[in-house]
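A.B. asks: Take this structure first; my questions come after.
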Amino acid sequence: MKTMKFKTLLIVALSLLCTAIISNAQDSRTKTYTNADFYKDGVFQKDVAKQAVKGLILQHGELWTEQIEQNLWVSDFGLGDYEHVGLASVTWVNDSIYHYFAMTMYLLPGQMIPEHIHRPVTGLPARPAKYESWKVLHGWIYNFSEVGEAMQGMPIIPQSFGDIKSKNFRIVRAGETDRLKQLETYHFMMAGNEGAIVDEYGVHHDRRGWFSSNPGAHPTK
């Protein structure tokens, strides 16, 4: 009798534990994060940002792996508005010998990467201007470029970023690709309302050649 009772209590406990785990996973997938979550006393909470990105990844049916857990990079670029301007990414390859770069970017709904340009690095070791292309895996993005005429129907650019130079854009959906229109030109992307997961491929990335049109934005903040 005692054995059966113990087994029953064990089953109930395991059931409650499983329910709690599933509930927490569902909460991370469906929670809408704001700057009230991302900042505490004005300090960027990277652990919260990573939780938001984890929810995005799971919501789109991707796996949250140990490699992502260990290597996920998150930044608000020093602008203090991660809800609207920021990036999370994992760099898979950044080979300075064979000049090859691959990473996956994770953008929350409506989040933009700061407008920026890649210039040649003249200091040692010298590097050419970065060239890159993208494939949208999940969700969709506005892909902006300063090359081309200004277009109608632009989304609202967050006030925290300010004015932009890139006013020509293309909507790129899951399964579609796009590329930098011209070397050494300003560009950026913004996620649609589903958020976006985007693969990037390019030449070796050296942050010394990264410059934003907003002087307050810095790639290592």
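The values are calculated or read from the model by the stated rules, or taken from the named source; none is laboratory data. Quick caveat: nothing in here was measured; it's all calculated off a predicted structure. Note that we place each Cβ from the backbone using ideal geometry, even for glycine, and neighbour counts take in every protein chain shown. Ligands, DNA and RNA are stripped out before the accessible areas are found, and what is left, the full protein with its side chains, is counted by its heavy atoms. Shrake-Rupley method; radii C 1.70, N 1.55, O 1.52, S 1.80 Å.
A.B. asks: Checking Gly110 against (1) closer than 20 Å to Phe44 by Cβ; (2) in contact with an Asp or Glu (Cβ under 6 Å, 6 or more places away or on another chain), only one condition comes out false. Which one?
C.D. replies: With (1) closer than 20 Å to Phe44 by Cβ; (2) in contact with an Asp or Glu (Cβ under 6 Å, 6 or more places away or on another chain) applied to Gly110, the lone miss is (2).
A.B. asks: Give the residue that is surrounded by the most Cβ atoms within 10 Å (Cβ to Cβ), with candidates limited to residues of region 191-213 that are in contact with a His (Cβ under 9 Å, 6 or more places away or on another chain) and over 12 Å from Ala129 (Cβ atoms).
C.D. replies: Ala196
A.B. asks: Could you tell me which of the residues Arg173, Arg207 is charged (D, E, K, R), within 27 Å of Asn94 (Cα to Cα), free of Cβ contacts under 8 Å to residues at least 40 places away in the same chain and in contact with a Pro (Cβ under 7 Å, 6 or more places away or on another chain)? Walk me through how you get there before you give the answer.
C.D. replies: On the way: Arg173 fails: in contact with a Pro (Cβ under 7 Å, 6 or more places away or on another chain).
From the options Arg173, Arg207, the qualifying one is Arg207.
A.B. asks: Residues being outside any loop (DSSP other than H, G, I, E, B) and hydroxyl-bearing (Ser, Thr, Tyr): count how many of those fall in region 158-182.
C.D. replies: Of the residues in region 158-182, the ones outside any loop (DSSP other than H, G, I, E, B) are 168-173, 177-179.
Okay, now just the ones that are also hydroxyl-bearing (Ser, Thr, Tyr), so 177.
Of the residues in region 158-182, 1 are outside any loop (DSSP other than H, G, I, E, B) and hydroxyl-bearing (Ser, Thr, Tyr).
A.B. asks: Are any residues in region 61-75 in contact (Cβ under 8 Å) with a residue 12 or more places away in the chain, in contact with a Leu (Cβ under 9 Å, 6 or more places away or on another chain) and open to solvent by 40 Å² or more (accessible area, probe 1.4 Å), and if so, which ones?
C.D. replies: Let us first name the residues in region 61-75 that are in contact (Cβ under 8 Å) with a residue 12 or more places away in the chain, namely 61-62, 67-68, 71-75.
Add one more test, that the residue is in contact with a Leu (Cβ under 9 Å, 6 or more places away or on another chain), and what stays is 62, 73-75.
Scanning region 61-75 gives Glu62, Trp73.
A.B. asks: Just need a number here: residues in region 126-138 that are under 16 Å from the mean Cα position of the chain (by Cα) and more than 19 Å from Met103 (Cβ to Cβ).
C.D. replies: Of the residues in that region, 0 qualify.
A.B. asks: Could you grab me the full set of residues in region 35-60 that are small (Gly, Ala, Ser), in contact (Cβ under 8 Å) with a residue 24 or more places away in the chain and more than 25 Å from Asn94 (Cα to Cα)?
C.D. replies: So the first thing to find is which residues in region 35-60 are small (Gly, Ala, Ser), and the list is 36, 42, 49, 52, 55.
Then keep just the ones that are in contact (Cβ under 8 Å) with a residue 24 or more places away in the chain; that gives 42, 49, 52, 55.
The answer is Gly42, Ala52, Gly55.
A.B. asks: Take the conditions among the hydrophobic types (A, V, I, L, M, F, W, C), open to solvent by 40 Å² or more (accessible area, probe 1.4 Å) and over 17 Å from the mean Cα position of the chain (by Cα) and apply them to Ile156. Does it pass? I'd like the intermediate steps shown before the answer.
C.D. replies: Numbers: among the hydrophobic types (A, V, I, L, M, F, W, C): yes; open to solvent by 40 Å² or more (accessible area, probe 1.4 Å): yes; over 17 Å from the mean Cα position of the chain (by Cα): yes.
Criteria met by Ile156.
A.B. asks: Would region 107-120 turn up any residue that is open to solvent by less than 70 Å² (accessible area, probe 1.4 Å), touching a strand residue (DSSP E or B) at 6+ places or on another chain (Cβ under 8 Å), of a type in the set (A, V, I, L, M) and assigned to a loop (DSSP other than H, G, I, E, B)?
C.D. replies: Yes: region 107-120 contains one or more residues that are open to solvent by less than 70 Å² (accessible area, probe 1.4 Å), touching a strand residue (DSSP E or B) at 6+ places or on another chain (Cβ under 8 Å), of a type in the set (A, V, I, L, M) and assigned to a loop (DSSP other than H, G, I, E, B).
A.B. asks: So, one more: Within region 139-151, is there a residue that is among the acidic types (Asp, Glu), open to solvent by 20 Å² or more (accessible area, probe 1.4 Å), farther than 25 Å from Tyr98 by Cα and free of Cβ contacts under 8 Å to residues at least 40 places away in the same chain? Break it down stepwise before answering.
C.D. replies: At the first step, the residues of region 139-151 found to be among the acidic types (Asp, Glu) are 146, 149.
Checking the rest, the ones that are also open to solvent by 20 Å² or more (accessible area, probe 1.4 Å) come to 146, 149.
Narrowing the set further to residues that are farther than 25 Å from Tyr98 by Cα leaves 146, 149.
Narrowing the set further to residues that are free of Cβ contacts under 8 Å to residues at least 40 places away in the same chain leaves 149.
Within region 139-151 (the criterion being among the acidic types (Asp, Glu), open to solvent by 20 Å² or more (accessible area, probe 1.4 Å), farther than 25 Å from Tyr98 by Cα and free of Cβ contacts under 8 Å to residues at least 40 places away in the same chain), the answer is yes, since at least one residue qualifies.
A.B. asks: Select from region 24-60 the residues that are acidic (Asp, Glu) and modelled with pLDDT of 95 or more and write down the one among them that is least open to solvent (accessible area, probe 1.4 Å).
C.D. replies: Filtering region 24-60 for residues acidic (Asp, Glu) gives 27, 37, 41, 47.
Cutting the leftovers down to modelled with pLDDT of 95 or more gives us 37, 41, 47.
Working: Asp37: 48, Asp41: 147, Asp47: 98 Å².
Once the filter is applied, the top-ranked residue is Asp37.
A.B. asks: Determine which single condition Thr185 fails, assuming it passes every other condition in (1) part of a loop (DSSP other than H, G, I, E, B); (2) of a type in the set (Ser, Thr, Tyr); (3) buried (at least 18 other Cβ atoms within 10 Å of the Cβ).
C.D. replies: (3)
A.B. asks: Follow-up. Consider Lys167 carefully, then state whether it is modelled with pLDDT under 95 and either open to solvent by 20 Å² or more (accessible area, probe 1.4 Å) or under 20 Å from Ala102 (Cα atoms) (or both). Steps first, answer last, please.
C.D. replies: Values: modelled with pLDDT under 95: no; either open to solvent by 20 Å² or more (accessible area, probe 1.4 Å) or under 20 Å from Ala102 (Cα atoms) (or both): yes.
So Lys167 does not fit the description; no.
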